[in-house]
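*Asks:* The structure under discussion is supplied below as structure tokens; questions concerning it will follow.
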Amino acid sequence: MNKIYYLASCDTCRKIIKSLPKDHDLAFHDIKQNPITAEELEEMYCLSGSYETLFSKKAVLYKSMDLKNKSLTEDDYKKYILEHYTFLSRPVFIINDKIYIGNTQQNMLQVMKALG
């Protein structure tokens, strides 16, 4: 099943969702209302190859916890993503067993193409 992991309170996520083709078959998963499970994160990890790729270094908590000055391992990234939704880079799309992470213009063009 194709999915989007997003944050309903995020303006960028809402804008992206509005721009999706009307006939998409995505299951919507608000990560604040329904935190991601270890199994869901593991699926994302298998598709992306890295927890760091899934980790948002733009998160306010990243700065307030001074994580940028720490040497984080893959296990650290995994732990932080599971502890708090804000550490997941958003949105994350899983479409036809491919993963698309973040909201860059290039990434969104690939998502639109995949949703065809």
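*Asks:* Roughly what % of Cα-Cα distances in the chain sit above 22 Å, to the whole percent?
*Replies:* 30 percent
*Asks:* Further question on the same structure: Spit out the partnerless Cys residues in the chain, using Cβ distances under 4.7 Å as the pairing rule.
*Replies:* 46
*Asks:* Sticking with this one: Springs between alpha-carbon pairs under 10 angstrom, Gaussian network model over the chain: which of 73, 86, 12 fluctuates most?
*Replies:* Its mean-square fluctuation being the largest, the pick is 73.
*Asks:* From the Cα trace of the range 1-63, what convex hull volume per residue do you get, rounded to a whole Å³?
*Replies:* It comes to 111 Å³ per residue, whole-number rounded.
*Asks:* Taking θ = phi - 60°, what integer Hz values does the Karplus form 6.51 cos²θ - 1.76 cosθ + 1.60 yield along the range 58-68, in sequence order, with x for Gly and Pro?
*Replies:* Listing the rounded values in order: 8, 4, 4, 4, 4, 6, 5, 8, 6, 5, 5 Hz.
*Asks:* Next question. Would you mind checking 78/98; 32/70; 3/58; 22/68 for any pair whose Cα atoms are more than 28 angstrom apart?
*Replies:* 22/68
*Asks:* Rolling a 1.4 Å sphere over the protein heavy atoms, what is the accessible area per residue of the chain, to the nearest Å²?
*Replies:* Computed with neighbouring chains in place, this is 59 Å² per residue.
*Asks:* Can you send over the carbon and sulfur percentage of the accessible area for the chain, probe radius 1.4 Å, protein chains only?
*Replies:* Ligands and nucleic acids excluded, carbon and sulfur give 49 percent.
The values are calculated or read from the model by the stated rules, or taken from the named source; none is laboratory data. Everything numeric in this text was worked out from a predicted model, so none of it was measured. All Cβ positions, glycine included, derive from the backbone under ideal geometry; neighbour counts span all protein chains shown. The area values use the complete protein model at the heavy-atom level, side chains included, leaving out ligands, DNA and RNA. Shrake-Rupley method; radii C 1.70, N 1.55, O 1.52, S 1.80 Å.
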